[in-house]
Amino acid sequence: MPNLLIELFSEEIPARMQARAAEDLKKRMTDGLVEAGLTYGGAQAFSTPRRLALAVEDLLAESPTIREERKGPRVDAPEKAIEGFLRGAGLTREDLEQRDTPKGAVFFATIEKPGRPAAEIVAEVLGDVIRNFPWPKSMRWGGGNLRWVRPLHSILCILSSEDGAQVVPFEIDGITSSNTTEGHRFMGGGRFAVSSFEDYEARLKRDKVILDAAERADHIWQDATNQAFAAGLEVVEDRGLLAEVAGLVEWPVVLMGEIGEEFLELPPEVLQTSMKEHQKFFSVKNPKTGRIERFVTVANRETADHGATILAGNQKVLSARLSDAKFFWENDLRIARAGMGEWLEKLENVTFERQLGTQAARIARIARLARMLAPITGADPAMAEQAARVAKADLSSEMVYEFPELQGLMGRYYAEAAGLPAEVARACEEHYSPLGPSDDVPEGAVSRAVALADKLDTLTGFWAIDEKPTGSKDPFALRRAALGVIRIILEGDLRLKLDTYIDAQLVLHKIGLNAVKASTGEIDTLEEIIDEISDHGVFGGAFHAVLDRLKARDDAPDTGDGSLLRTVGELVPDISTDLLAFFHDRLKVHLRDQGLRHDVIDACLADGGDDLNMLVKRAEALGGFLKTDDGDNLLQGFKRANNILTQAEEKDGVEYSFGADIKFAETDEEKALFAALDAAEPEIAAAMEKEDYAAAMEAMARLRAPIDAFFEAVQVNSDNDVVRRNRLNLLARIRGICLKVADLTMIQG
Amino acid sequence: MTSPTAKPRSFQEIILRLQNYWAEKGCAIMQPYDMEVGAGTFHPATTLRSLGSRPWAAAYVQPSRRPTDGRYGENPNRLQHYYQYQVLIKPSPPDLQELYLGSLAAIGIDMELHDIRFVEDDWESPTLGAWGLGWEVWCDGMEVSQFTYFQQVGGHDCHPVSGELTYGLERLAMYVLGIDHVMEMPFNDPDAPIALSYGDVFRQTEQEYSRWNFDVANTQVLLKQFEEAEAECEAILEHPTTDPKTGRRIVMAHPAYDQCIKASHIFNLLDARGVISVTERQAYIGRVRALAKKCADAFVQTEAGGYAEA
């Protein structure tokens, strides 16, 4: 069976797109071939800066002939129907066969699709793949209409077997397929013909192209680590950079160079970021000093002077770049040592979001909330507030302006330079965490308070102005912020009623959003509500308490319909509920990844679910319980009880809720259930009180056997109405007791 | 590839070699546009001529001004006035990369010793409503040129596509000549009877313009000039296509485009004066882009823009 080799040779493909493009070529090409009937043994795709290649092994030489039988109209059908069928099938009358069926004599046709040679199919599929290639960005060039990532120059396409290779002939937008390609742009020896994949790969290597990106990456890493090792140093690992650099060269030549002495005092992260972002250099560390002292650059060619000119040039560019970084660093340190006041002042003129105001206003809100949250994370309130006040200061620094990805980290350096406490400096860096599902949550208590405050302020802010994420659109990364809050609470084992802080922060946003038009009295009242929320824990209570207090005052602000206070009072609870539901949705996604079903969480949301930590503990216990035999049976028993009860309640128009009396119990099973419920009820209540959900589940598990036995032996709908009602009330006890643990009606299955 | 050429010795020699090289390759060697612009792309030989179906090949030096980059002549490589070398060929020839590499060889960059790389860098000009795909070209890790295939200009799809090359001349020359501070770069032959450095020619003007750009330019006057240029651009394009005096069809795309360039430069000056807030900035850029689009619309209604009388 023949092998297929394809190479699409173009001008330089962006490094970040190469791996994906090679995979897309493989997938689309092989899918197309298989769909056309050409199966194959194996396929491998490759990419270099100037080419995508695909090698398909053991391809069918031609697609199989396909016979298809089609049922036509009845033999006595109108002539028009028969003609229509013949037209559709591309046949004549003679090709038809009559067969008797239960519905009478019917025409049948056998259509034969003859197999086609591989070359014909390959040409067709490849043309299609090229025209519809999913590049993230594509372009036209010259006078042509074809789109590719950069101008496409040649297409190599051959089918090879023991008998030799033949070109698969086709043409696309002026490019004719051939069996030739070229090697390295500078070190290659011009175009050459190839006869198979092995020949292709070997000829490329001779012309200084390593086809396989993984092989280039390996070579770079080996050579870099060897050179570093020989100098007693080590290369800082960076897989993303390695993949990128492997996509920038066809013939990697690793060169190690020195970083000027005057730059070695820069923070290692600054050196690393500057070298990586601007120059694609690897950092080389001295394990003894921990400093980054050298760099590794990867050239795309060998030279007679063994890279001396290339290295000197790179070193010069690096010096210019690091001079800039050093200039920023020194300027920044001066401002940091003076207390960062200049930066904080600047933030008064920087807009965070048009409606939500300046960065300075945002910082003030976060500081206030961080102070409130401090006792929960175990931080000193004053320190949490102080940390929040300086945590964003580095946004004004020159270094962060130049390298935004260093935000937070520079904040830590600058806070240290300003002589602030270590916990505060640490919070400057950690409060952005976790940045994604794989990023750690902050460790420090102060960091946690600021991180929670920052994220909650952002979420409540965008909820207050109704800028919530929709579908795939989440420009302010609100989902990530919510997940961050969830993870800090869960991984930090923090206990807090989330809605208390959401409510307070929403009111704070309302103050900011209405600052211009609100009266002093109104602002003061809103401030009073915030204080009251912190004391009482709920917005509704706080709001009414403050409103009641206002009645006694002569100078009270307007609280009538349409007044600011009334609007806030009406809006905040709804927004707060909506945001808490958003947290629950994110929590479900988060826990689903850890194997906890969403309906189990729903079952535990009955009392609001504002304490996420407790919610999860309860859901985990319930999830574990439902996986046991007892749990599953109890659930069935509960559902049965609930169904019977619901039907009876609907029919009778009453709610059966209490009054079950053992004296009307007729059977042993009935009596046993009474006894079991009497025993379980206080046990469950006590366990729930202690938040010992496992114990509550265990107590509930002990109900399984008596409930099963009850349903086995007892007919609830007795003819004796007293007995029937008593039994229904007994079922109501089952329902009541179980619902105290969780809303089992939410559980599916 | 190309055999090593003797190293050039001055800034002007590098420019002259580029001129000769691209002249040999068939480009019309044009002169700088006689207005203040921020980059060589603004020259109508690029912006307007990249539109429409008629072939075009031009190369030129363009003095360019970026008022915010002024450093009083003290920064080793930042200037508020500098030179760009610009090449525009439509349709982009299949060997444009090789032609470009030939130009590097012509100014003394030995391909056998240096590492030349094409690194992804897509180009977008919000003020011109233009974008393209291409690379920044690295020589030993140093960006020496921009290489772009224009896809859209003034809101119009480019068909055929132009290939555009832009060389930052001072930076490139400093690299080739091995100079660390732009002001120390020989402008003419260092052995000439009157040898002049870049600083001899430009240090004083850098100081003068830095002061004027940052602190002195009359913002009230500039704001007024911006409005006037904008109004004039629009007014020019509102005239009927037939000239009442000659009876000919004359669409005044170029005079209108001059006003667009003027507005763009005045915006840059206002920006350097720090009187434009972040939100206003977007609005100003949008206004210039609207002018550029109208000029592009007008140009494709001209003969040079491919318009043919039905």
- Task: Would you check if B:SER92 is within 18 Å of B:LEU128 (Cβ to Cβ) and at pLDDT 95 or above?
- Result: no
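Restricting attention to strands (runs of 3 or more DSSP E) lying wholly within the stretch A:1-68, give those where 1 or more residues are within 14 Å of chain B (Cβ to nearest Cβ) and surrounded by fewer than 20 Cβ atoms within 10 Å (Cβ to Cβ).
Where strands (runs of 3 or more DSSP E) fall fully within the stretch A:1-68 and carry at least 1 residues being within 14 Å of chain B (Cβ to nearest Cβ) and surrounded by fewer than 20 Cβ atoms within 10 Å (Cβ to Cβ), they are A:3-10.
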- All positions within the stretch A:446-473 that are within 23 Å of A:PRO375 (Cα to Cα) and among the polar types (S, T, N, Q): A:SER447, A:THR458, A:THR460
- Please state which of the following conditions A:ALA641 fails to meet, knowing it meets all the rest: (1) outside the structural domain of A:VAL723 (by TED's automatic domain parsing); (2) of a type outside the set (S, T, N, Q); (3) crowded, with 16+ Cβ neighbours inside 10 Å; (4) at pLDDT 85 or above. (1)
- Scan the stretch B:64-90 for residues that are within 11 Å of chain A (Cβ to nearest Cβ) and surrounded by fewer than 22 Cβ atoms within 10 Å (Cβ to Cβ) and jot them down. B:ASN75, B:PRO76, B:ASN77, B:ARG78
- Note on the structure: Residues of the stretch A:36-74 being modelled with pLDDT of 95 or more and of a type in the set (D, E, K, R), in sequence order, are A:ARG50, A:ARG51, A:GLU57, A:ASP58
- Item | Only one of A:ALA504, A:ALA481 that is under 20 Å from A:GLU532 (Cα atoms), crowded, with 16+ Cβ neighbours inside 10 Å and of a type outside the set (Val, Ile, Thr) | A:ALA504
- Message: If I filter the stretch A:542-564 for residues that are among the hydroxyl-bearing types (Ser, Thr, Tyr), in a helix (DSSP H, G or I) and assigned by TED's automatic domain parsing to the domain that holds A:ASP439, do I get at least one hit?
- Response: no
- For the stretch A:335-349, how many residues meet the condition of being touching a residue at least 24 places away in the same chain (Cβ under 8 Å) and acidic (Asp, Glu)? 1
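Of everything in the stretch B:114-123 that's part of a loop (DSSP other than H, G, I, E, B) and under 19 Å from B:THR166 (Cβ atoms), which residue is nearest to the other protein chains (Cβ to nearest Cβ)?
B:ASP122
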- Item | Residue check, A:LEU248 in a helix (DSSP H, G or I), within 30 Å of A:PHE9 (Cα to Cα) and within 14 Å of chain B (Cβ to nearest Cβ) | no
- Task: Scan A:GLU342, A:GLU348, A:GLU353 and give me the residue that is surrounded by fewer than 18 Cβ atoms within 10 Å (Cβ to Cβ), touching a Lys or Arg at 6+ places or on another chain (Cβ under 9 Å), closer than 28 Å to A:GLY512 by Cβ and among the acidic types (Asp, Glu).
- Result: A:GLU353
- Candidates A:ALA379, A:ALA384, A:ALA374 - the one that is modelled with pLDDT of 95 or more, part of a loop (DSSP other than H, G, I, E, B), under 30 Å from A:GLY492 (Cα atoms) and away from every other protein chain (no Cβ under 13 Å): A:ALA379
- Task: Answer with yes or no whether B:TYR83 is among the aromatic types (Phe, Trp, Tyr) and modelled with pLDDT of 95 or more.
- Result: yes
- Item | Qualifying positions in the stretch B:176-217 - surrounded by fewer than 14 Cβ atoms within 10 Å (Cβ to Cβ), in contact (Cβ under 8 Å) with a residue 24 or more places away in the chain and within 14 Å of chain A (Cβ to nearest Cβ) | B:ASP180
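In the list B:ALA290, B:ALA253, which residue meets the criterion of being free of Cβ contacts under 8 Å to residues at least 24 places away in the same chain and more than 18 Å from the chain's Cα centre (by Cα)? Steps first, please.
Numbers: B:ALA253 fails: free of Cβ contacts under 8 Å to residues at least 24 places away in the same chain.
Going through B:ALA290, B:ALA253 in turn, the sole match is B:ALA290.
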- Query: Which ones in the stretch A:677-712 are among the small types (Gly, Ala, Ser), buried (at least 17 other Cβ atoms within 10 Å of the Cβ) and within 28 Å of A:ILE601 (Cβ to Cβ)?
  - Reply: A:ALA680, A:ALA687, A:ALA696, A:ALA699, A:ALA701
- Message: Need a quick list: strands (runs of 3 or more DSSP E) entirely within the stretch A:269-360 having at least 1 residues that are more than 30 Å from A:GLN386 (Cβ to Cβ) and within 14 Å of another protein chain (Cβ to nearest Cβ).
- Response: A:282-285, A:292-299
- Message: Can you tell me how many residues within the stretch A:671-692 are at pLDDT below 90 and assigned to a helix (DSSP H, G or I)?
- Response: 2
- Note on the structure: Of A:VAL446, A:VAL485, A:VAL424, the only residue that is over 19 Å from A:MET340 (Cβ atoms), in a helix (DSSP H, G or I) and modelled with pLDDT of 95 or more is A:VAL485
- Residues in the stretch B:24-41 that are part of a helix (DSSP H, G or I) and touching a strand residue (DSSP E or B) at 6+ places or on another chain (Cβ under 8 Å) total 2
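Kindly check whether there is at least one residue in the stretch A:222-235 that is part of a helix (DSSP H, G or I), assigned by TED's automatic domain parsing to the domain that holds A:GLU330 and buried (at least 21 other Cβ atoms within 10 Å of the Cβ).
yes
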- Taking the stretch B:126-175 and keeping residues within 12 Å of chain A (Cβ to nearest Cβ), touching a strand residue (DSSP E or B) at 6+ places or on another chain (Cβ under 9 Å) and either more than 29 Å from B:ILE285 (Cβ to Cβ) or among the aromatic types (Phe, Trp, Tyr) (or both) leaves B:TRP131, B:TRP135, B:TRP138, B:CYS139, B:ASP140, B:GLY141, B:PHE147, B:TYR149, B:PHE150, B:TYR175
- Count of the stretch B:63-113 residues which are over 21 Å from B:ASP271 (Cβ atoms) and part of a helix (DSSP H, G or I): 11
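Can you tell me how many residues in the stretch A:407-421 are closer than 20 Å to A:SER433 by Cβ and out of contact with any helix residue (DSSP H, G or I) (no Cβ under 6 Å at 6 or more places or on another chain)?
Going through the stretch A:407-421 one residue at a time, the tally reaches 3.
Per-residue answers, yes or no, for (1) assigned by TED's automatic domain parsing to the domain that holds B:TYR257; (2) in contact with an Asp or Glu (Cβ under 8 Å, 6 or more places away or on another chain); (3) without any contact (Cβ under 8 Å) to a residue 60 or more places away in the chain:
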residue	(1), (2), (3)
B:ALA105	no, no, no
B:ALA130	no, yes, no
B:CYS139	no, yes, yes
B:GLN146	no, yes, yes
B:GLY154	no, yes, no
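Check whether at least one residue in the stretch B:55-62 is assigned to a loop (DSSP other than H, G, I, E, B), within 28 Å of A:SER154 (Cα to Cα), more than 8 Å from every other protein chain (Cβ to nearest Cβ) and in contact with a Pro (Cβ under 8 Å, 6 or more places away or on another chain), and report yes or no.
yes
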- Has the stretch A:468-481 got any residue that is over 20 Å from A:THR358 (Cα atoms), assigned to a helix (DSSP H, G or I), touching a residue at least 12 places away in the same chain (Cβ under 8 Å) and not acidic (Asp, Glu)? yes
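The values are calculated or read from the model by the stated rules, or taken from the named source; none is laboratory data. Keep in mind it's a predicted model, so treat the numbers as computed, not measured. A quick note on method: Cβ atoms are made from the backbone with ideal geometry, for glycine too, and the neighbour counts reach across all protein chains shown.
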